[in-house]
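Values quoted throughout were computed directly from the atomic coordinates according to the rules given, and no laboratory measurement underlies them. Fair warning: this is a prediction, and the values are worked out from it, not measured in the lab. Here the Cβ positions follow ideal geometry from the backbone for every residue, glycine too, while neighbour counts run over all protein chains shown.
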Amino acid sequence: MSFRKFGKKGFISETKVADFVKHLNDGKIMATKCNRCGKLYFPPRADCPYDMSTDVTWHQLSGRCSLLTYTTAYFAPTGFQDEVPYTIALAECEEGVKVYALLSKDIGEKEIKIGMKLLVTPLPLPNDRITYELKKA
């Protein structure tokens, strides 16, 4: 499956971590893990920037995380104008990696609290595209 189907706008058609899209379509949130140093990466990386190893494997994340910070945008770059306002959040997964993603529109502004429990989940988009978002756990 092509990486071209990831996200609302596609800028790259192929990458060494293109299986990330396949995993999202299968309902899995996957990171990559360096087999040499043990570091975990999300979004996935094909090569470890820490020790330059190409010996990486897929590692499924539980998806469980806690909100670290967030901001609500009332403007948008080209292609995203229909989404405003939207909330972008940074959460830390129980495995230690940080996830930067849209906060689900199902979460009301008054419900958002630092430390709240969230779940990273695949988010199907129109035109057979896919991404991920943070939802209430």
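If Lys and Arg each add +1 and Asp and Glu each add -1, what is the summed charge of the other residues whose beta carbon sits under 11 Å from the beta carbon of Trp58? List each step's numbers first, then the result.
Working: positive: Lys22, Lys28, Lys33; negative: Asp19.
Taking every other residue near Trp58 into account, the sum is +2.
Toward the positive end of the charge dipole of the stretch 18-137, about the Cα centre and with charges on Cβ (Lys, Arg +1; Asp, Glu -1), which of Tyr86, Val97, Trp58 goes farthest?
My answer, from the dipole projection, is Val97.
For Kirkwood radius over Cα pairs in Å, the listed values are [x] 15.7; [y] 14.5; [z] 19.2; which was obtained by calculation from the structure presented?
Only one listed value fits the structure, namely [x].
Considering only Ser104, Ser66, Ser53, give the residue with the highest GNM mean-square fluctuation for the chain, with springs between Cα atoms whenever their separation is below 10 Å.
Sorting by GNM fluctuation, first place goes to Ser53.
Any idea what the relative contact order of the stretch 3-136 is, in percent, if you count C-alpha pairs under 8 Å spaced at least 6 apart?
Working: 274 pairs, mean separation 31.6, N = 134.
Taking the mean separation of contacting Cα pairs over the length of the stretch 3-136, I get 24 percent.
Give the range of the longest stretch in the chain that excludes all GluC sites (Glu not before Pro) found in loop regions by DSSP and having at most 12 other beta-carbon atoms within 10 Å. Mind dumping the intermediate values first?
On the way: sites that count: Glu14, Glu94.
It runs 15-93.
Which value in deg cm²/dmol, rounded to the nearest 500, describes the helix-derived mean residue ellipticity at 222 nm for the chain, given -39,500 (n - 2.57) per DSSP H run of n ≥ 4 and division by the residue count?
Numbers: 1 runs with 7 residues, N = 137.
When only DSSP H runs of four or more count, the value is -1500 deg cm²/dmol.
Given a cut-off of 27 Å, name the pairs among Lys22/Lys113; Lys33/Lys105; Lys28/Lys98 whose C-alpha atoms lie farther apart than that in the structure shown.
Numbers: Lys22/Lys113 32 Å; Lys33/Lys105 31 Å; Lys28/Lys98 16 Å.
Too far apart for the 27 Å limit: Lys22/Lys113; Lys33/Lys105.
Using a basic spin-label model with each label point 7 Å from the Cα along Cα→Cβ, how many nm lie between Leu90 and Lys16?
Once both label points are built, they end up 2.7 nm from each other.
Specify the longest stretch of the chain that does not include any exposed loop site, a site being one of the trypsin sites (Lys or Arg not before Pro) with a non-H, G, I, E, B DSSP assignment and at most 10 other Cβ atoms within 10 Å.
Working: sites that count: Lys9, Lys113.
The longest such stretch corresponds to 10-112.
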